[in-house]
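Structure, as C-alpha coordinates:
The values are calculated or read from the model by the stated rules, or taken from the named source; none is laboratory data. Quick caveat, the model's predicted, so the values are computed rather than measured. With ideal geometry, Cβ positions are generated from the backbone for all residues, glycine too; neighbour counts draw on all protein chains shown. The protein model used for the area step is the full one, side chains on, heavy atoms only, and it has no ligands, DNA or RNA in it. Shrake-Rupley method; radii C 1.70, N 1.55, O 1.52, S 1.80 Å.
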Amino acid sequence: EAGVTQFPSHSVIEKGQTVTLRCDPISGHDNLYWYRRVMGKEIKFLLHFVKESKQDESGMPNNRFLAERTGGTYSTLKVQPAELEDSGVYFCASSRHWAGHTDTQYFGPGTRLTVL
Amino acid sequence: KQEVTQIPAALSVPEGENLVLNCSFTDSAIYNLQWFRQDPGKGLTSLLLIQSSQREQTSGRLNASLDKSSGRSTLYIAASQPGDSATYLCAVFGSSNTGKLIFGQGTTLQVKP
(Lines give C-alpha, C1' and ligand atoms only; values in the text may rest on other atoms or scores of the structure.)
Protein backbone atom coordinates (compact mmCIF):
# COMPACT_ATOMS: atom_id res chain seq x y z
CA GLU A 1 0.00 0.00 0.00
CA ALA A 2 1.46 3.34 -1.04
CA GLY A 3 1.86 5.93 1.70
CA VAL A 4 0.92 9.58 1.70
CA THR A 5 2.76 11.44 -1.04
CA GLN A 6 3.42 15.14 -1.38
CA PHE A 7 4.63 17.26 -4.26
CA PRO A 8 6.92 19.10 -4.59
CA SER A 9 9.43 18.07 -1.95
CA HIS A 10 10.99 21.53 -2.02
CA SER A 11 9.83 24.89 -3.32
CA VAL A 12 11.69 28.19 -3.31
CA ILE A 13 9.69 31.25 -4.33
CA GLU A 14 9.87 34.99 -3.93
CA LYS A 15 7.63 37.02 -1.68
CA GLY A 16 4.40 37.85 -3.47
CA GLN A 17 4.40 34.80 -5.70
CA THR A 18 1.91 31.95 -5.60
CA VAL A 19 2.68 28.36 -4.69
CA THR A 20 0.49 25.28 -4.81
CA LEU A 21 1.28 22.20 -2.77
CA ARG A 22 -0.26 18.84 -3.52
CA CYS A 23 -1.04 15.88 -1.29
CA ASP A 24 -2.17 12.40 -2.30
CA PRO A 25 -3.51 10.50 0.72
CA ILE A 26 -3.43 6.77 1.19
CA SER A 27 -5.97 5.24 -1.17
CA GLY A 28 -9.38 4.90 0.46
CA HIS A 29 -8.66 7.26 3.33
CA ASP A 30 -11.57 9.61 3.95
CA ASN A 31 -9.74 12.03 6.24
CA LEU A 32 -7.02 14.36 5.03
CA TYR A 33 -5.12 16.85 7.17
CA TRP A 34 -2.66 19.67 6.58
CA TYR A 35 -0.08 20.71 9.17
CA ARG A 36 2.98 22.91 9.08
CA ARG A 37 6.14 23.43 11.03
CA VAL A 38 7.82 26.80 10.98
CA MET A 39 11.44 27.13 12.09
CA GLY A 40 11.96 26.30 15.75
CA LYS A 41 8.29 25.73 16.49
CA GLU A 42 6.13 22.69 16.98
CA ILE A 43 4.03 21.18 14.21
CA LYS A 44 0.69 22.97 14.00
CA PHE A 45 -2.63 21.91 12.55
CA LEU A 46 -4.04 23.82 9.58
CA LEU A 47 -7.17 21.99 8.52
CA HIS A 48 -9.06 18.71 8.23
CA PHE A 49 -11.07 17.39 5.28
CA VAL A 50 -13.59 14.60 5.51
CA LYS A 51 -13.88 13.44 1.92
CA GLU A 52 -14.36 16.70 0.00
CA SER A 53 -15.76 18.74 2.91
CA LYS A 54 -13.85 20.92 5.34
CA GLN A 55 -14.44 19.52 8.82
CA ASP A 56 -12.18 21.93 10.67
CA GLU A 57 -10.23 24.85 9.24
CA SER A 58 -9.52 26.55 12.54
CA GLY A 59 -5.76 26.43 12.02
CA MET A 60 -5.63 28.26 8.68
CA PRO A 61 -3.56 31.39 9.37
CA ASN A 62 -5.33 33.83 7.05
CA ASN A 63 -7.15 34.15 3.75
CA ARG A 64 -3.94 33.90 1.73
CA PHE A 65 -4.22 30.14 2.24
CA LEU A 66 -6.74 28.13 0.24
CA ALA A 67 -7.16 24.38 0.52
CA GLU A 68 -9.24 22.21 -1.75
CA ARG A 69 -10.00 18.54 -2.05
CA THR A 70 -12.03 18.10 -5.18
CA GLY A 71 -13.68 14.70 -5.50
CA GLY A 72 -12.46 13.64 -2.10
CA THR A 73 -9.14 12.33 -3.38
CA TYR A 74 -6.00 14.47 -3.56
CA SER A 75 -5.79 17.90 -1.98
CA THR A 76 -4.04 21.14 -2.87
CA LEU A 77 -2.94 23.96 -0.60
CA LYS A 78 -2.39 27.27 -2.34
CA VAL A 79 -0.60 30.22 -0.80
CA GLN A 80 -1.28 33.49 -2.60
CA PRO A 81 0.55 35.82 -2.23
CA ALA A 82 3.32 34.18 -0.25
CA GLU A 83 4.96 36.07 2.63
CA LEU A 84 8.30 35.46 4.34
CA GLU A 85 6.61 34.00 7.44
CA ASP A 86 5.01 31.26 5.34
CA SER A 87 8.36 29.50 5.09
CA GLY A 88 8.39 26.11 6.75
CA VAL A 89 7.61 22.46 6.18
CA TYR A 90 4.05 21.60 5.18
CA PHE A 91 2.90 18.11 6.08
CA CYS A 92 -0.11 16.24 4.87
CA ALA A 93 -1.63 13.28 6.71
CA SER A 94 -4.54 10.94 6.21
CA SER A 95 -6.61 8.51 8.23
CA ARG A 96 -9.04 5.88 7.18
CA HIS A 97 -12.65 6.21 8.16
CA TRP A 98 -14.78 9.30 7.86
CA ALA A 99 -16.12 8.81 11.41
CA GLY A 100 -12.75 7.95 12.91
CA HIS A 101 -11.46 11.45 13.58
CA THR A 102 -9.15 10.24 16.34
CA ASP A 103 -7.73 7.26 14.48
CA THR A 104 -4.06 6.85 13.58
CA GLN A 105 -2.83 9.52 11.19
CA TYR A 106 -0.24 8.65 8.56
CA PHE A 107 2.01 11.46 7.46
CA GLY A 108 3.67 12.29 4.17
CA PRO A 109 7.32 13.38 3.80
CA GLY A 110 6.42 17.07 3.73
CA THR A 111 7.04 19.98 1.37
CA ARG A 112 9.75 22.41 2.41
CA LEU A 113 8.68 25.91 1.37
CA THR A 114 11.15 28.76 1.35
CA VAL A 115 9.91 32.28 0.66
CA LEU A 116 12.69 34.77 -0.18
CA LYS B 1 -6.05 25.81 25.56
CA GLN B 2 -4.30 22.47 25.30
CA GLU B 3 -0.51 22.56 25.41
CA VAL B 4 1.86 19.62 25.00
CA THR B 5 5.36 19.61 26.45
CA GLN B 6 8.17 17.13 25.92
CA ILE B 7 11.14 17.06 28.24
CA PRO B 8 14.04 16.74 27.69
CA ALA B 9 14.49 18.42 24.32
CA ALA B 10 17.51 16.22 23.62
CA LEU B 11 18.90 13.01 25.05
CA SER B 12 22.07 11.04 24.38
CA VAL B 13 22.49 7.48 25.66
CA PRO B 14 24.83 4.55 25.05
CA GLU B 15 23.57 1.63 23.04
CA GLY B 16 21.68 -1.00 25.02
CA GLU B 17 20.24 1.35 27.60
CA ASN B 18 16.53 1.37 28.43
CA LEU B 19 15.09 4.85 28.29
CA VAL B 20 11.92 6.84 28.91
CA LEU B 21 10.68 9.82 26.96
CA ASN B 22 8.16 12.09 28.63
CA CYS B 23 5.13 13.93 27.32
CA SER B 24 2.80 16.10 29.38
CA PHE B 25 -0.42 17.89 28.45
CA THR B 26 -2.28 20.62 30.26
CA ASP B 27 -5.89 19.51 29.69
CA SER B 28 -6.68 15.96 30.83
CA ALA B 29 -9.82 15.86 28.67
CA ILE B 30 -8.02 14.34 25.70
CA TYR B 31 -9.18 11.68 23.32
CA ASN B 32 -6.43 9.58 21.87
CA LEU B 33 -2.67 10.18 21.95
CA GLN B 34 -0.21 9.31 19.23
CA TRP B 35 3.58 8.89 19.34
CA PHE B 36 5.68 9.47 16.21
CA ARG B 37 9.32 9.37 15.20
CA GLN B 38 10.87 11.68 12.67
CA ASP B 39 14.19 11.05 10.97
CA PRO B 40 16.11 14.08 9.67
CA GLY B 41 14.54 15.48 6.52
CA LYS B 42 11.78 12.87 6.54
CA GLY B 43 8.11 12.75 7.40
CA LEU B 44 6.58 11.45 10.59
CA THR B 45 6.28 7.72 11.20
CA SER B 46 3.49 6.62 13.51
CA LEU B 47 4.75 4.45 16.36
CA LEU B 48 1.77 3.92 18.64
CA LEU B 49 -1.70 5.25 19.21
CA ILE B 50 -3.12 4.98 22.71
CA GLN B 51 -6.85 5.32 23.03
CA SER B 52 -8.11 7.46 25.87
CA SER B 53 -9.57 4.40 27.62
CA GLN B 54 -6.24 2.55 27.54
CA ARG B 55 -3.38 2.73 30.01
CA GLU B 56 -0.71 1.09 27.83
CA GLN B 57 0.13 0.11 24.30
CA THR B 58 3.06 -2.01 23.17
CA SER B 59 4.82 -2.51 19.86
CA GLY B 60 8.05 -4.51 19.83
CA ARG B 61 10.62 -2.76 22.03
CA LEU B 62 8.31 0.22 22.52
CA ASN B 63 5.80 0.66 25.30
CA ALA B 64 3.66 3.76 25.69
CA SER B 65 1.65 4.56 28.78
CA LEU B 66 -1.08 7.09 29.36
CA ASP B 67 -2.22 8.66 32.64
CA LYS B 68 -4.93 11.15 31.79
CA SER B 69 -5.53 12.26 35.36
CA SER B 70 -1.96 13.46 35.73
CA GLY B 71 -1.70 14.69 32.15
CA ARG B 72 1.22 12.43 31.22
CA SER B 73 2.33 9.88 28.70
CA THR B 74 5.66 8.09 28.55
CA LEU B 75 7.36 6.20 25.75
CA TYR B 76 9.65 3.45 26.99
CA ILE B 77 12.31 2.13 24.62
CA ALA B 78 13.95 -1.11 25.65
CA ALA B 79 17.51 -2.04 24.71
CA SER B 80 18.13 1.06 22.62
CA GLN B 81 19.99 0.77 19.30
CA PRO B 82 21.75 3.36 17.11
CA GLY B 83 18.87 2.98 14.64
CA ASP B 84 16.54 4.42 17.27
CA SER B 85 18.24 7.80 16.88
CA ALA B 86 15.55 10.23 15.74
CA THR B 87 13.20 12.91 17.04
CA TYR B 88 10.23 11.51 18.95
CA LEU B 89 7.02 13.50 18.95
CA CYS B 90 3.91 13.11 21.00
CA ALA B 91 0.56 14.53 19.93
CA VAL B 92 -2.89 14.56 21.49
CA PHE B 93 -6.33 14.64 19.92
CA GLY B 94 -8.22 17.37 21.73
CA SER B 95 -11.69 16.62 20.39
CA SER B 96 -13.73 13.79 18.91
CA ASN B 97 -15.20 16.14 16.30
CA THR B 98 -11.95 16.89 14.54
CA GLY B 99 -8.73 15.07 13.84
CA LYS B 100 -6.70 18.04 14.98
CA LEU B 101 -3.50 16.80 16.61
CA ILE B 102 -1.71 19.07 19.07
CA PHE B 103 2.02 18.40 19.05
CA GLY B 104 4.86 18.79 21.49
CA GLN B 105 8.21 20.08 20.28
CA GLY B 106 9.77 16.64 20.42
CA THR B 107 12.73 14.92 22.05
CA THR B 108 15.79 14.34 19.87
CA LEU B 109 17.39 11.04 20.82
CA GLN B 110 20.91 9.98 19.98
CA VAL B 111 21.95 6.41 20.72
CA LYS B 112 25.73 6.01 20.60
CA PRO B 113 27.28 2.71 19.51
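Structure data summary
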quantity: For the stretch A:39-74, residues shielded by at least 40 square angstrom of accessible area compared with the chain on its own, probe 1.4 Å; calculated: A:Glu42, A:Ile43, A:Phe45
quantity: Carbon and sulfur %, accessible surface of chain B computed with the full protein complex present, 1.4 Å; calculated: 46 percent
quantity: Isotropic mean projected area of the C-alpha convex hull, chain A (nm²); calculated: 6.7 nm²
quantity: In the A-B interface, the accessible area buried, summed over both sides, Å² (probe 1.4 Å); calculated: 1700 Å²
quantity: Chain A: relative contact order as a whole-number percent, Cα under 8 Å and 6+ apart; calculated: 37 percent
quantity: Residues along the stretch B:97-112 losing 30 Å² or more of accessible surface when the other protein chains are present rather than the chain by itself (probe 1.4 Å); calculated: B:Asn97, B:Thr98, B:Gly99, B:Lys100, B:Leu101, B:Phe103, B:Gln105
quantity: Charged-residue dipole, Cβ positions (Lys, Arg, Asp, Glu), the protein assembly as shown about Cα centre, Debye nearest 20; calculated: 160 debye
quantity: Whole-percent pair-distance distribution, where bins are 10 Å wide, for the alpha carbons of the protein assembly as shown; calculated: 8, 33, 35, 19, 4, 0
quantity: Chain B: relative contact order in percent, alpha carbon pairs under 8 Å with at least 6 residues between; calculated: 37 percent
quantity: Where chain A is the region considered: accessible area per residue in Å², 1.4 Å probe; calculated: 49 Å²
quantity: Volume per residue that the Cα convex hull of the stretch B:24-95 spans, once the total is divided by residue count, Å³; calculated: 89 Å³
quantity: Paramagnetic reach from B:Lys42 in the stretch B:70-85 [backbone N under 12 Å; point 7 Å along Cα→Cβ]; calculated: B:83-85
quantity: Set of lysines near B:Lys100 by C-alpha distance (under 25 Å), chain-local residues within fewer than 8 positions excluded; calculated: A:Lys41, A:Lys44, A:Lys51, A:Lys54, A:Lys78, B:Lys1, B:Lys42, B:Lys68
quantity: Length-normalised contact order of the stretch B:53-113 in % [C-alpha pairs under 8 Å, at least 6 apart]; calculated: 25 percent
quantity: Exposed-site-free run, longest, chain A (rule: GluC sites (Glu not before Pro); DSSP loop; at most 11 other C-beta within 10 Å); calculated: A:15-116
quantity: Average accessible area per residue (Å²) across chain B - probe 1.4 Å, nucleic acids and ligands excluded; calculated: 47 Å²
quantity: Rg/Rg_globular for the stretch B:57-98, with Rg_globular taken as 2.2 N^0.38 Å and Rg from C-alpha atoms; calculated: 1.42
quantity: For the stretch B:2-59, Kirkwood radius (reciprocal of mean inverse C-alpha pair distance, Å); calculated: 13.6 Å
quantity: Loop-resident sites, the stretch B:16-113, for trypsin sites (Lys or Arg not before Pro), counting at most 11 other Cβ within 10 Å (DSSP); calculated: B:Arg55
quantity: Antiparallel bridge percentage (DSSP; both residues within chain B; nearest 5); calculated: 90 percent
quantity: Protein accessible area in the stretch A:1-95, 1.4 Å probe - carbon and sulfur %; calculated: 48 percent
quantity: Within the stretch A:22-75, trypsin sites (Lys or Arg not before Pro) in DSSP loop having at most 11 other beta-carbon neighbours inside 10 Å; calculated: A:Lys41
